[in-house]
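Structure, as structure tokens:
Quick note: the coordinates plus some simple rules give every number you see, no bench work behind them. No experiment lies behind these values; they were computed from the predicted model shown. Ideal geometry is used to build each Cβ from the backbone, glycine not excepted, and the neighbour counts take in all protein chains shown.
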Amino acid sequence: MVLSPEKIIEQTTNWIKSVVIDCNFCPFAAKAILKKSVRYIVKSNIDMDQCLDALKEELLYLETDPETETSFIILSQDFKNFDDYLDLVEAADNLLVQEDFDGIYQIASFHPDYCFEGSNNEDPANYTNRSIYPMLHILREDSLTKALSLYPHPEKIPQDNIEFARQRGLQYMQLLRSACM
């Protein structure tokens, strides 16, 4: 069953609210959601080059719209293989450099099969980056730097997230994400 872009965005916002915000994986996400300054783009049936073109278009959009704090490019039917997705993330990071957006924007990566290097697939910590769909999250570097400067001990965020997910356990993290769909 192919879902409408509206339904995919609804599921994604459910995931952001229930997992990212409620688990405090990103202490800065709530503000962008409350301000309604998040943009969602749903893409399907696209290859690597088309995805990179969509990323470039979105970067140019962000350059002209300072009210949009952050964007998600949601890949509803593509890049389901995690290794293929990692190739996309690498190409996306390279695009930032090639297009002189390095230091202005950064890409955060989320995927349904996300697995941190050196981790096993069943580690609940992977759920800090396990989304409903493969997606590229575009963040403004200036906003991120400002938010981190106001947060006590931002270097502890990744470790705190790992500890939270592991304390909750695999089943909890799986059910939490599944409830968003």
TODO: Find how many whole Å separate the alpha carbon centroid of the stretch 1-23 from the alpha carbon centroid of the stretch 70-131.
DONE: 17 Å
Task: Dipole axis of the chain (+1 Lys, Arg; -1 Asp, Glu on Cβ), positive-most option in Ser4, Tyr127, Ala30 - done: Ala30
Open item on the list: Compute and list, largest first, the equivalent-ellipsoid semi-axes of the stretch 5-178 from the alpha carbon gyration tensor, each √(5λ) rounded to a whole angstrom.
Closed with: 24, 20, 16
Open item on the list: For the pairs Lys56/Lys80; Lys7/Lys36; Lys7/Lys31; Lys35/Lys80, flag any whose C-alpha to C-alpha distance is greater than 26 Å.
Closed with: Lys35/Lys80
- [ ] May I ask you to compute the full-extension gain from Lys156 to Ser18, defined as 0.36 nm times their residue separation minus their alpha-carbon distance, rounded to one decimal in nm?
- [x] 47.6 nm
Open item on the list: Between Met48 and Thr145, what's the calculated FRET efficiency when r is the beta-carbon distance and R0 is 22 Å? Round to 0.05.
Closed with: 0.15
Open item on the list: Over the stretch 6-98, what is the relative contact order in percent, taking alpha-carbon pairs closer than 8 angstrom and at least six residues apart?
Closed with: 31 percent
Open item on the list: Using a 7 Å offset from the Cα along the Cα-to-Cβ direction at both Leu34 and Gln174, what is the distance between the two label points in nm, to one decimal?
Closed with: 3.5 nm
Task: Computed [θ] at 222 nm, helices only, for the chain once each DSSP H run of length n ≥ 4 contributes -39500 (n - 2.57) - done: -14000 deg cm²/dmol
Task: Lys, Arg +1 and Asp, Glu -1 on Cβ, resulting dipole of the chain about Cα centre, debye, nearest 20 - done: 1060 debye
TODO: For the stretch 29-103, run through the trypsin sites (Lys or Arg not before Pro) and keep only the ones in DSSP coil with at most 14 other Cβ atoms within 10 Å of their Cβ.
DONE: Lys35, Lys36, Lys80
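So in the chain, what percent of DSSP beta bridges are antiparallel if you round to the nearest 5?
Beta bridges within the chain, antiparallel portion: roughly 60 percent.
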